[in-house]
1. Between Tyr441, Tyr348, which is outside any strand (DSSP E or B), of a type in the set (Ser, Thr, Tyr) and under 30 Å from Ser14 (Cα atoms)?
2. Restricting attention to segment 516-552, and to residues there that are part of a loop (DSSP other than H, G, I, E, B) and of a type in the set (Asp, Glu), which single residue is surrounded by the fewest Cβ atoms within 10 Å (Cβ to Cβ)?
3. Give me the residue from segment 204-224 that is open to solvent by 20 Å² or more (accessible area, probe 1.4 Å) and not acidic (Asp, Glu) and, out of that set, nearest to Ala430 (Cα to Cα).
4. Yes or no: Ser442 under 21 Å from Gln27 (Cα atoms), touching a residue at least 40 places away in the same chain (Cβ under 8 Å) and more than 18 Å from the chain's Cα centre (by Cα)?
5. From Asn446, Asn464, which residue is open to solvent by less than 10 Å² (accessible area, probe 1.4 Å) and either touching a Leu at 6+ places or on another chain (Cβ under 7 Å) or on the phi > 0 side of the Ramachandran plot (or both)?
6. State yes or no: is Asn232 open to solvent by less than 10 Å² (accessible area, probe 1.4 Å) and either touching a strand residue (DSSP E or B) at 6+ places or on another chain (Cβ under 7 Å) or in contact (Cβ under 8 Å) with a residue 24 or more places away in the chain (or both)?
7. Considering each residue of segment 479-504, count those that are in contact with a Leu (Cβ under 8 Å, 6 or more places away or on another chain) and either charged (D, E, K, R) or outside any helix (DSSP H, G or I) (or both), and give that number.
8. What pairs can you find where one residue is in segment 13-35 and more than 14 Å from Tyr445 (Cα to Cα), the other is modelled with pLDDT of 95 or more and polar (S, T, N, Q), and their Cβ atoms are less than 7 Å apart, with a gap of 6+ or different chains?
Amino acid sequence: MELSPLQIARYEYSPKLPEMLKHDISQIKAVEGKETESVSDQEKIRELFPNTYGMKEVAFAKGENHAEKKHQVVGVILSGGQAPGGHNVITGLYDALKKTDKKNVLLGFKNGPSGLLEDDYIEFTDEYIDAYRNTGGFDIIGSGRTKLETEEQFAVAKEVCARHGITAIVIIGGDDSNTNAAVLAEYMAREKAGVQVIGCPKTIDGDLKNDVIEISFGFDTATKTYSELIGNIERDANSAKKYWHFIKVMGRSASHIALECALETQPNVCLISEEIEKKAMSLNEIAGVIADSVAKRAADGNNFGVVIIPEGLIEFVPEVKKLIAELNDLMAIKATEFGALVEWQDKYSFMKANLSADSFKVFEVLPLDIEKQLLMDRDPHGNVQVSRIETEKLMIALVDKKLKEMKKEGTYNGKFNALNHFFGYEGRCAFPSNFDADYCYSLGYNAFMLVSYGYTGYLSTISNLSAPATEWKAGGIPITKMMNLEQRHGEKKPVIRKALVELDGKPFQYFAAHRDKWAKETCYTFPGAIQYYGPASVCDITTRTLALEQGK
């Protein structure tokens, strides 16, 4: 493979570690804190995880290491969608493993959890690992979305681990992947298999967070990548002065990406799904918010602008959320009957016969393309594939309709030419920012510390992230602490609770205090490309979201 100059240079970058993890591993001790409980449904979660519930939080500090010394064979899995920095989690894990004992082994299971079930793996070597340091993507071993959730799968995983003498599995993934990690850890503990399971918090969406997990890895790089593109579009819009750009960004279950990109670029409008749900806004009301900005700017002669839309917006619109919930339940029960229908009119009649009157009313006023997108194949959880719904095009159509009504009323007399964009895959495999390179390396290194001390069912955590990397803190929390029960495939299942944008939080409050000005005036900012070399104030800065949350 031919290497780019940047790739060659990034190989030479040495990720920064928290000061605590720089000590010789023999001088790092584990300090246990208080016992934990799940965020809700405590009795049921305890019942489902009798061997791994209620465990204590862990922090690492300087002191004598009392961990049992033993030969370690660790397996690592990349699970779910890609996120910048995944390679550095693996390189950090590998370096800690080998620093402890050169004879320790790291096995990489290929293409996600299926690699464990199929016993498809590679044994990492220095040469192999060095080719992926500080690079983007998950191509080091590939990823996948196979779920580890059945007794049969767990039995196969146990057998594979026994075959190779595996002492621990590290699963690098998001909320669903780490839910699987928790269930696998419970199984291995119940069966006394001698296999620990540790998770690492990954998702560019930013919705895997809590009081200990301040940010999931990949969020920093992805939002910086999107913000660069949005800034470029803002510059173009301000140059051409004739287009309104509707930009959808990733984030199905929460609007963290949209909010961070708005804080970075100051667009005219940014929709926050959580606010829309709280205010119970209809599609018509949302279109009105955007149309109001269009009209105000047109009155000043500015027939251009930028709108940021979170990927999962329509799921938060109460009337559409109710429709989608009905569709999810309906498809779980009558999937075979619906799947036999070929003609659109038959599918339409099926919806009319099976949806409630209110939900069908919402369904029939949607553009035909959106109706069809709602009925596409389900995602792995059996739900509507929201990412395939072209919400940005829906909003353009609704705003155009609203503006035509306003023209008839005499409240608008401008020009509206709209273009649509979707920024998603562009950010998932970018070269990780210095922040993500450092953070991910620390997560992997720290994951081995949890393994070496015998912990299982824990998530590797690095905190105090708005401070310089040397001041970061390392530890772990039981995955069950983050769990609750949610409806999946028509039944209640234990899953990690997603973290939504907090409307009373500092990031949203800052946005809310400035958006009226941004809606009317041209206040665009241009973040530019991610910087890897230069002063720390440029190269090592974290997201605006994290800085505001921690008062920086």
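1. On the way: Tyr348 fails: under 30 Å from Ser14 (Cα atoms).
Going through Tyr441, Tyr348 in turn, the sole match is Tyr441.
2. Glu521
3. Filtering first and then ranking leaves Lys224.
4. Working: under 21 Å from Gln27 (Cα atoms): yes; touching a residue at least 40 places away in the same chain (Cβ under 8 Å): yes; more than 18 Å from the chain's Cα centre (by Cα): yes.
Yes.
5. Unique residue meeting the criteria: Asn446.
6. no
7. Residues in segment 479-504 being in contact with a Leu (Cβ under 8 Å, 6 or more places away or on another chain) and either charged (D, E, K, R) or outside any helix (DSSP H, G or I) (or both): 8 in total.
8. That search, which allows pairs on different chains as well, returns Tyr13/Asn134.
The values are calculated or read from the model by the stated rules, or taken from the named source; none is laboratory data. Everything numeric here is computed off the predicted structure, so don't read it as measured data. Counting neighbours? That spans all protein chains shown, and the Cβs are built from the backbone with ideal geometry, glycine included. Accessible surface areas use protein heavy atoms only, side chains included; no ligands, DNA or RNA. Shrake-Rupley method; radii C 1.70, N 1.55, O 1.52, S 1.80 Å.
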